[in-house]
1. Pairs under 6 Å by beta carbon, first residue in the same structural domain as Asn355 (by TED's automatic domain parsing) and within 16 Å of the ligand (Cβ to nearest atom) in segment 157-169, partner at pLDDT 95 or above and part of a loop (DSSP other than H, G, I, E, B), six or more apart or different chains?
2. Within segment 114-126, is there a residue that is within 16 Å of the ligand (Cβ to nearest atom), on the phi < 0 side of the Ramachandran plot and assigned by TED's automatic domain parsing to the domain that holds Thr31?
3. Could you please give the count of residues in segment 156-180 that are closer than 16 Å to Gly343 by Cβ and part of a strand (DSSP E or B)?
4. With respect to Glu111, is the statement that it is more than 14 Å from the ligand (Cβ to nearest atom), more than 18 Å from Thr377 (Cβ to Cβ) and either of a type in the set (Asp, Glu) or in contact with a Gly (Cβ under 6 Å, 6 or more places away or on another chain) (or both) true?
5. Quick one: in segment 222-255, of everything that is under 17 Å from Ala212 (Cα atoms) and polar (S, T, N, Q), which residue is surrounded by the fewest Cβ atoms within 10 Å (Cβ to Cβ)?
6. Checking Trp13 against (1) in a loop (DSSP other than H, G, I, E, B); (2) touching a residue at least 40 places away in the same chain (Cβ under 8 Å), which test does it fail?
7. Please find, within segment 256-281, the residue that is farthest from the chain's Cα centre (by Cα) out of those that are part of a helix (DSSP H, G or I), among the small types (Gly, Ala, Ser) and surrounded by 17 or more Cβ atoms within 10 Å (Cβ to Cβ).
8. Could you run through segment 282-315 and say how many residues are surrounded by fewer than 19 Cβ atoms within 10 Å (Cβ to Cβ), touching a strand residue (DSSP E or B) at 6+ places or on another chain (Cβ under 8 Å) and part of a helix (DSSP H, G or I)?
Amino acid sequence: MPQHVDLEELRSWRRHLHQHPELSFEEHETTAYIEGYLRSLGLEPVRKTETGLWADIQGAHPGPTVAIRADIDALPIEEQTDLPFRSQKPGVMHACGHDGHTSILMGVAREFLARRQDLKGRIRLLFQPAEETPPGGAQLLIQAGALEGVDAVIGLHLIPAFPTGKASIVAGPMMAASDRFVLEVVGKGGHGASPHETVDALAIAAQMVTAAQQVVSRQVDPLEPAVVTFGTFHAGSNFNIIAQEARLTGTVRTFSEGTRQLIEGSLERIFQGMAQAYGAKVRLDYRRGYPALVNHPYVTDVFIEAVKEILGPEGYIPGRPVMGGEDFAYYLQQKPGAFLFLGCGNPAEGAIYPNHHPSFTIDEKALPLGVDVLVRTAEKLLAHPPRG
Ligand code: NI
C-alpha cells in the first residue's frame, strides 16, 4: 500500500524538474521522469502524444471519472535566482510553476493509490505538454482521447500574487481568449529629404497603432473586458531613409466570442481603410489562440468547498477574472470542470515575483496544499459528479 506523500518528496520532485526544464513540445526527459515514477507505483501510463501522458487510477468500486491536469513545460527564460536547484539548462526555466504543478499531480497519484480500496470511480491524471506555446498541448491530449469517459476535469495554477494558504477561483469566465496578430504595412521607400516621392510605411503604421486604440475605447461595449496591445514595432534602417515596410505584432484579449469577432473585424477594416487612404498595402495575419477559460458553476462551488475545508474559511479569496490565457480552456469546452489559482507567495522564500519573471520562484509549502485541495475536490466530484 503506497504511503501518503509528504513535503520532502514533493520538494525533491519539484527541484529535480526545476533543474531540468524543457520547452513546450520538447518535454522528453520530463515525460520519461513522470512515466518512470507512475510505473514504479504500478500504474500504466498512456502515451499517445510525442510528449506528455495520462494514467488512470481505477478505484475498487464503480463510479464516474474525474480528470486532473498538470502542465509540464518550461519557458525560454534565463533564470536569475541564486537557488541551489536553479535551472541547469541555459535559457530555459520553469518560470511559471509548472514544475510545481507536475509534482503536485505526482503526489495526487500516490494519495489516490493509498485510498484505492475505498475509491468509487476512476481518477485520470493528465500530464499535459506545451501549455506555454499555442496551439498548446491540451488539444493534442483531447484529440488523442484523454477526455473520453471523463465526467469532470479540474486543474490548478500556482500564483505568487496570493500568499501560500490562499486560493482563488471565479465561476464563469476567469481567463481571457488570447489571440495574436502580425501587421505588415508596405509603402514605398526613399530619401528622407523627399517624402513626396515615397509612401512612408513607418508614419502610416504609427497612425495605425493610434487608430487601433479606438477599437476598445469606442467600439467594444464598455462592460465587456477587452485588450488590444501592440508588442513590437519594426520599421526603417537609417535616420535619413524613409521606411518601405513596417512590421508590428500584438495581442488581443477578450472573454466573449462576440467581442473577439468584433475586434478582429474592426482591426482588419481600420488597417485596410487607412492603407487605402495613404496608398500603402497592408496585411493583417490574425491568429486565434486559446479560447476564454470558463469555469463550470457547480464544479467551481465544489472547489471552493474543498478549499475552505483544507485551507480554512479564510483560505478562499473571492476572485476576479484575469486577462491572461490558459489552454485548460479547451478541456472546459468539452467537459464540466474548473481551474483554481493556488497561492504560493511568500517573501521569506523569495516567492514575490510574478509568473514568467526570471526571478520567479514558489513557496514549496504550497505543494502539499495543492495535493490536498485537488484530492478533496476530486473525491467530492466522484461522490457527486456534475450533471450533463
Ligand atoms: Ni503557467
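1. Partner pairs satisfying both residue conditions: Leu158/Gly97; Leu158/Ile362.
2. Here is the first cut: in segment 114-126, the residues within 16 Å of the ligand (Cβ to nearest atom) are 126.
Remaining after also requiring on the phi < 0 side of the Ramachandran plot: 126.
Checking the rest, the ones that are also assigned by TED's automatic domain parsing to the domain that holds Thr31 come to 126.
Yes; the residues of segment 114-126 include at least one that is within 16 Å of the ligand (Cβ to nearest atom), on the phi < 0 side of the Ramachandran plot and assigned by TED's automatic domain parsing to the domain that holds Thr31.
3. Just the residues of segment 156-180 that are closer than 16 Å to Gly343 by Cβ, to begin with: 156-170, 174.
If we keep only those that are part of a strand (DSSP E or B) too, we end up with 156-163, 167-169, 174.
Of the residues in that region, 12 qualify.
4. Values: more than 14 Å from the ligand (Cβ to nearest atom): yes; more than 18 Å from Thr377 (Cβ to Cβ): no; either of a type in the set (Asp, Glu) or in contact with a Gly (Cβ under 6 Å, 6 or more places away or on another chain) (or both): yes.
The answer is no for Glu111.
5. Thr232
6. (1)
7. Taking segment 256-281 and keeping what is part of a helix (DSSP H, G or I), we get 257-278.
Pick out the ones that are also among the small types (Gly, Ala, Ser) and you get 258, 265-266, 273, 275, 277.
With the extra rule that they be surrounded by 17 or more Cβ atoms within 10 Å (Cβ to Cβ), the set shrinks to 266, 275.
Details: Ser266: 27, Ala275: 35 Å.
Among those residues, the one meeting the criterion is Ala275.
8. Residues in segment 282-315 being surrounded by fewer than 19 Cβ atoms within 10 Å (Cβ to Cβ), touching a strand residue (DSSP E or B) at 6+ places or on another chain (Cβ under 8 Å) and part of a helix (DSSP H, G or I): 2 in total.
The values are calculated or read from the model by the stated rules, or taken from the named source; none is laboratory data. Everything numeric in this text was worked out from a predicted model, so none of it was measured. Because the Cβ atoms are built from the backbone with ideal geometry, glycine has one as well, and the counts that use them run over all protein chains shown.
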